[in-house]
Amino acid sequence: QLQLVESGGGLVQPGGSLRLSCAASRRSLNYYTIGWFRQAPGKEREGVSCINISGGMTNYADSVKGRFTISRDNNKNTVYLQMNSLKPDDTAVYYCATSGSYYRCLGGDMDYWGKGTLVTVSS
């Protein structure tokens, strides 16, 4: 069973930045499309960004375009989400997950999920 672990969340002020990391224990992430998702309290889960196996293709939700950047370092077996110009509306638990299909990724049809890391954007 593939186990994913997110890290890098925390409390930041509006306009600040965080970099989230997604790593796998025991097995490699290099065989999967990886997506980042978020869920705010009382709200539906939202697809944020996805990256294909090689890292050459990425997509983003409209709400984060121009502010967030997804990347991966397959040598480190890690996927990142760089979040800049953070807004209070970005406050959520952020999850990474695996998919066998890049083009279905943002729709949430994923196979393995991490347990999430909390991002709080507040003054």
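The values are calculated or read from the model by the stated rules, or taken from the named source; none is laboratory data. Note that the coordinates shown come from a computational prediction; the quantities given were computed from them, not determined experimentally. Using ideal geometry, Cβ is built from the backbone for each residue, glycine included, and neighbour counts are taken over all protein chains shown. SASA here: full protein model, heavy atoms, side chains in, ligands and nucleic acids out. Shrake-Rupley method; radii C 1.70, N 1.55, O 1.52, S 1.80 Å.
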- Being assigned to a strand (DSSP E or B) and either over 18 Å from G9 (Cα atoms) or open to solvent by less than 60 Å² (accessible area, probe 1.4 Å) (or both), is that true of even one residue in segment 25-32? yes
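I'm checking my understanding of the structure. Among residues of segment 33-70 that are hydroxyl-bearing (S, T, Y) and touching a Leu at 6+ places or on another chain (Cβ under 8 Å), which one is least open to solvent (accessible area, probe 1.4 Å)?
Per the stated criteria, the residue is S49.
Would segment 73-82 turn up any residue that is assigned to a loop (DSSP other than H, G, I, E, B), within 16 Å of R27 (Cα to Cα) and open to solvent by less than 40 Å² (accessible area, probe 1.4 Å)?
Yes, segment 73-82 contains a residue that is assigned to a loop (DSSP other than H, G, I, E, B), within 16 Å of R27 (Cα to Cα) and open to solvent by less than 40 Å² (accessible area, probe 1.4 Å).
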- Message: With the requirement that a residue be among the hydrophobic types (A, V, I, L, M, F, W, C), surrounded by 13 or more Cβ atoms within 10 Å (Cβ to Cβ) and more than 19 Å from G66 (Cβ to Cβ), what does segment 2-22 give you?
- Response: L2, L4, V5, C22
- Checked segment 32-65 for anything of a type outside the set (A, V, I, L, M) and under 15 Å from L118 (Cα atoms); matches are W36, F37, R38, Q39, P41, G42, K43, R45, E46
- Task: Kindly list, by first and then second residue, each pair from a residue in segment 75-98 that is in contact (Cβ under 8 Å) with a residue 60 or more places away in the chain to a residue that is of a type in the set (D, E, K, R) and open to solvent by 10 Å² or more (accessible area, probe 1.4 Å), limited to pairs with Cβ atoms under 6 Å and residues at least 6 apart or on different chains.
- Result: Y80/R19; Q82/R19; N84/R67; S85/R67; Y94/R38; C96/E6; T98/D111
- Identify the single condition in (1) crowded, with 18+ Cβ neighbours inside 10 Å; (2) of a type outside the set (G, A, S); (3) under 14 Å from W36 (Cβ atoms); (4) modelled with pLDDT of 95 or more that V121 does not satisfy, given that it satisfies every other one. (3)
- Note on the structure: C50 fails exactly one of (1) within 15 Å of the chain's Cα centre (by Cα); (2) of a type outside the set (K, R); (3) within 17 Å of T120 (Cβ to Cβ), namely (3)
